[in-house]
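Contents: one structure, followed by commentary.
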Amino acid sequence: MKIQNLGFLKNLAEFLNFELCESEKLLNHPLKVVYVCGLDHFNKCPYVEKLATEKNIACAVTYRLGASDHRIKALEEKSPNIYYITLDEEREKLVDISSTAIRQQCYNSAKTDLIQLTYPCVIQFLEDKYINK
């Protein structure tokens, strides 16, 4: 996600909470918008950590094969708005695949490998949104 799109998350959190909590009084407590990314993305994009300091925003970071988790573990202890999904019990079975690889394979004419990389509904979504336009 590009840095300007992260500003959208802040605006979304502000809008939802103003409309639903303050203005319309539909909710008793504010909503928290959660940005989800892989550990590799978190490690190379410091603005994700900054995002978790914004009001009503949190970041959930999932373990990725080969990515160091020293920084996220230290930050998770200090910040109540950073959630680290360690996947400790699943690590032996994890397949190292990224969303970038899935998108690249989707544009490849031989899409047979996509079934091994993601769910059929994701493949259908990508085809409907980007391929069959």
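Quick one: net charge around TYR35, please, counting Lys, Arg +1 and Asp, Glu -1 for every other residue with C-beta under 12 Å from its C-beta. Don't jump to the answer; show the numbers that get you there.
Working: positive: LYS10, LYS32, LYS50; negative: GLU49, GLU54.
So the surrounding residues net to +1.
For LEU26 and ASP128, what is the calculated FRET efficiency with R₀ set at 41 Å and r taken between the beta-carbons, to the nearest 0.05? Before the final figure, lay out the partial values.
Numbers: r = 32 Å, r/R0 = 0.79.
Efficiency, from the Cβ-Cβ distance: 0.80.
The chain: Rg/Rh from Cα coordinates, Kirkwood Rh? Provide the component values of the computation, followed by the final result.
Working: Rg = 17.7 Å, Rh = 17.1 Å.
Reported Rg/Rh (Cα atoms, Kirkwood Rh): 1.04.
Debye sum, Cα scatterers, region 65-110, no solvent: what log₁₀ I/I(0) at q = 0.22 1/Å?
-0.87
Using the Karplus curve 6.51 cos²θ - 1.76 cosθ + 1.60 with θ = phi - 60°, what ³J(HN,Hα) values do you get for each residue of region 98-105, in whole Hz, with x for Gly and Pro?
After applying 6.51 cos²θ - 1.76 cosθ + 1.60, I find 10, 5, 4, 5, 5, 4, 4, 5 Hz.
Within the chain, what's the longest stretch lacking GluC sites (Glu not before Pro) that sit in DSSP loops with no more than 11 other Cβ atoms inside 10 Å?
On the way: sites that count: GLU24, GLU89, GLU90.
Counting only loop sites that pass the neighbour cut-off, the longest clear stretch is 25-88.
Relative to the first principal axis of the alpha-carbon coordinates of the chain, what is the inclination of helix 3-17, with its axis defined by its Cα atoms, in degrees from 0 to 90 and to the nearest 10?
The angle comes out near 50 degrees.
Between ARG71 and ASP88, what is the label-point separation in nm under the 7 Å Cα-to-beta-carbon projection?
2.3 nm
Could you work out which residue, out of ASP88, ASP96, ASP69, moves most in a Gaussian network model of the chain, that is, has the largest mean-square fluctuation with Cα springs under 10 Å?
Highest fluctuation among the options: ASP88.
Which cross-chain or sequence-distant (5 or more) residues have an amide H under 5 Å from the amide H of ALA60, H modelled 1.01 Å from N in plane?
TYR35, VAL36, CYS37, TYR83
Taken together, the values in this text are just the output of simple stated rules run on the coordinates, not laboratory data. Worth saying up front: this structure is predicted, and the values here are computed from it rather than measured. Heads up, the Cβs are rebuilt from the backbone with ideal geometry, glycines too, and the neighbour counts pull from every protein chain shown.
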